[in-house]
Structures are given as structure tokens and as C-alpha cells.
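Here is the structure we will look at, set down as C-alpha cells.
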Amino acid sequence: MNSNPASKPIIGITIGDINGIGPEVIIKALMDNRIYKYLTPVVYGSAKTIGYYKRVLELGDYSYNQVTDTTDLNPKKTNIINCWEETVEIKVGKPTKEGGKYAFLALEKATEDLKNGNIDALVTGPINKNIMQDQGFAFPGHTEYLTEKFDATESLMLLTSDRLRVGVVSGHVPLRESASQITKERVTGKIQIFIDSLKNDFGIAKPKLAVLGLNPHAGEDGLLGSEEEEILKPVINDFKNQGHLVFGPYPADGFFGKAEFQKYDGVLAMYHDQGLIPFKTLAFERGINFTAGLPCIRTSPDHGTAYGIAGKNMASESSIREAILLAADVILNHRESQVGKSTENNSGEIL
């Protein structure tokens, strides 16, 4: 990975499902030439697929550079690495086995380059998880896949926008299994990852974190459930005793209804929909999925394949553009942090 603070970050972008809106929003986001001032994009997929959508959507003013690897990148254009050579029938707006197959091929190649340091960060395009699993993708989503590929013991699915950051203790699991995942060890791990990410990835020196309750009314002092009294409050107190600004547990409905989230740098929800429903209500088009706790940087747009509008030039590129820019910002935050640590180590004090 290139750690030179003066160099532009190299951002890998997987094409996602070729029949969904992934190719469209990628093209639209990268048509803005201003983006090349800050980063060098590398799309993992197929130049034929990108060319197809360029024609279908009549996006004439867009050119790209085909490369075989990351050693010959053009810093002023979109670089495309062909992850397959054969001609593929694109069925716009329809889930197909081919869509899952080629999305997986692109993800595998991009992940390999990310692990080898050939790209600085990865932005993943939207996939159809059911179809991907038919092709050997044995994971609930990108987060779990990358957690295993990078040998991480734990990670945190973190949704972020300019208004709100929401993490979840229990992610892509059935609702009936969510409560069993609310343990002291798991909640402690998620809070620690959240705090570390707010500091290291987002550059917040002293983050303030809110923790939501699991049960209605945050358990009503044990009347509506015991998790708040037996698990959440003791864990929160442990973090407070260590000097961290961690507060709660708060009833989720009143917390979002009264816009209490505005007082915090992050909010930890107990399960998927508890956090993602208010997040997507507040920040759907500009929302970003960030995987915290990994030894790599990964973001993605906060939307799916949207087959219903694929190929109709209706999809907004806002979310994937923000995901690309956030990836670059996190890289720069890491580089600045490393420079600061290096200066401190060399002189004994921060200059």
C-alpha cells in the first residue's frame, strides 16, 4: 500500500451485479472529473460491461483506461481491470446466475489486490446475496466475507453520513437470533471497535458514543427485559470508568424521535433494523456502509441492486460517490496519523 502522504489514494471499486444499477452509478460518479484530483479509481469488472451501459444510458462523454493490473494506472481516468474475458449476456433489471458469478469474480480479484497492497481501499458495488451464494459466496454479505479474508476476529458494520453514524451489534442474522448475540463480550467488542474507528478512521480525538437498548423503553428497569440491566449498563459503566464518553442505554424510538443522535459522534444499535431504518430514513441517498475493525478500508453505497430502475438512467450516484470519497478520506486520515506517530517517535514529542 502506498503510504506516501503526497500521493493520491488508489481506490478499487467492484462492479457489483452487472444486471443492477452498480455499473450505472459507478459511471455517473466517475464522470465528474473533479474526483480525479483526490484519487485514482480502479474498477474491477469488465470494460465490455461498462461500455454497454455507457451506450444504453447514452453517457457519451466518458472514457476509461483498460489495464491488466495496477502497475499501469492512468491517474486522470477510470482504470478498468477485466476480471473475465468472455462476452456476457447482460439482462438489465433481472437477477441471473451470471450476475452473481461475475460479481463474485470481481470481488475476489479486488480483494486479492487489496490484500497485496496494490490498492489502498475497496468500494464494493451492490450485489444480490442470494444469487452470490449459489456461486459459492458462503457469507451473509461483504462485511462477513472481508472479515474472514483478512483474518479479523471481529468487525463492525457502520452506516455513516454527514448527519449520523450508526453501528450494529447484530448484523445480517434473523431477528429471532439477534437477542442471543447481545452478550457482554460482544457488546464490549463492538463498542471498542466503534471508538477506535471514530478516532483512527474519522479523526475524532474524543468520540462520544450513544448505546441503544434492546427492549422497548430500554427494558423499563427490567420490566420489559433484562438485557439492559444485566449486560448493557455494566458494559457502559466499564467504558466510563476507563475515561470513554459512552452513554445509554437509550430507548431507540425516543432517541431518534427527539433527534438525540445529533449530540453524539456515533450510535450503537443492538440489531440491524433498529439502526438501519432510522439511518436510511434520514440519509438514504447519501448513506455509506463502512466496515470498521478490519486491517483494510472498505466502503459501499447504502443501497442494493435496484433491478427495478436498472438501465433507465434513474439511479442516483450520490451514495457511491460519497463511498468513494470517504474511502479516500480515511486513507488520508491514516497517513496523517502515521506521520504524527513517526514525528512523536523521532523527537519524543509532537511538533
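Within the same chain, aspartates and glutamates fewer than 8 places from K233 are excluded, and of the rest, those with a Cα less than 15 Å from its Cα are E185, E220, D221. When the listed pairs K48/K94; K184/K240; K77/K97; K28/K76; K109/K199 are checked against a 20 Å cut-off, the alpha-carbon distance exceeds it for K77/K97; K109/K199.
Contact order for the chain, expressed relative to its length and based on alpha carbon pairs under 8 Å spaced 6+ residues apart, stands at 23 percent. The share of alpha-carbon pairs in the range 154-291 lying farther apart than 20 Å comes to 40%. Springs between Cα atoms under 10 Å define the GNM used for the chain, and in it the highest mean-square fluctuation of P295, P174, P249 occurs at P174.
Within the listed set L232, L107, L122, the Gaussian network model of the chain (springs between alpha-carbon atoms below 10 Å) gives the highest mean-square fluctuation for L232. Pull out the extension gain between S337 and D134, defined as 0.36 nm times the separation in residues minus the alpha carbon to alpha carbon distance; nm, one decimal. The span from S337 to D134 would gain 68.9 nm if fully extended.
With contacts taken as Cα pairs under 8 Å and at least 6 residues apart, the range 154-291 reaches a relative contact order of 39 percent. Among N200, N116, N65, the largest mean-square fluctuation in a Gaussian network model of the chain (Cα springs under 10 Å) belongs to N116.
Taking label positions 7 Å along the Cα-Cβ direction at both A205 and K97, the computed distance is 5.8 nm, reported to one decimal. Normalised by the number of residues in the range 7-78, the average gap of Cα pairs under 8 Å and 6 or more apart makes the relative contact order 37 percent. Add +1 for every Lys or Arg and -1 for every Asp or Glu among the other residues with Cβ under 12 Å from the Cβ of E154, and state the total. Every neighbour counted, the sum reads -3.
Taken one residue at a time, the phi angles of the range 290-306 give Karplus couplings (6.51, -1.76, 1.60, θ = phi - 60°) of 10, 8, 8, x, 9, x, 8, 10, 9, 10, 7, x, 8, 7, x, 6, 6 Hz. Gly and Pro are set to x. FRET efficiency for the pair L59 and Q181, taken as 1/(1 + (r/R0)^6) with r the Cβ-Cβ distance and R0 = 51 Å, rounds to 0.70. State the antiparallel share, in %, of DSSP beta bridges confined to the chain, rounding to the nearest 5. Antiparallel bridges: around 30 percent, rounded to the nearest 5. For trypsin sites (Lys or Arg not before Pro), the sites in the range 146-206 that DSSP calls loop and that have at most 14 other Cβ atoms within 10 Å are R163.
L198 sits among other residues whose Cβ lies under 10 Å from its own Cβ, and their net charge, with Lys and Arg +1 and Asp and Glu -1, is +1.
Here the calculated FRET efficiency for I309 and I277, from their Cβ-Cβ distance with R0 = 30 Å, stands at 0.90, rounded to the nearest 0.05.
No lab work stands behind these numbers, since they all come straight from the coordinates. Just so it is clear, the model here is predicted, and its values are computed rather than measured. Reconstructed Cβ throughout: ideal geometry from the backbone, glycine too, with neighbour counts over all protein chains shown.
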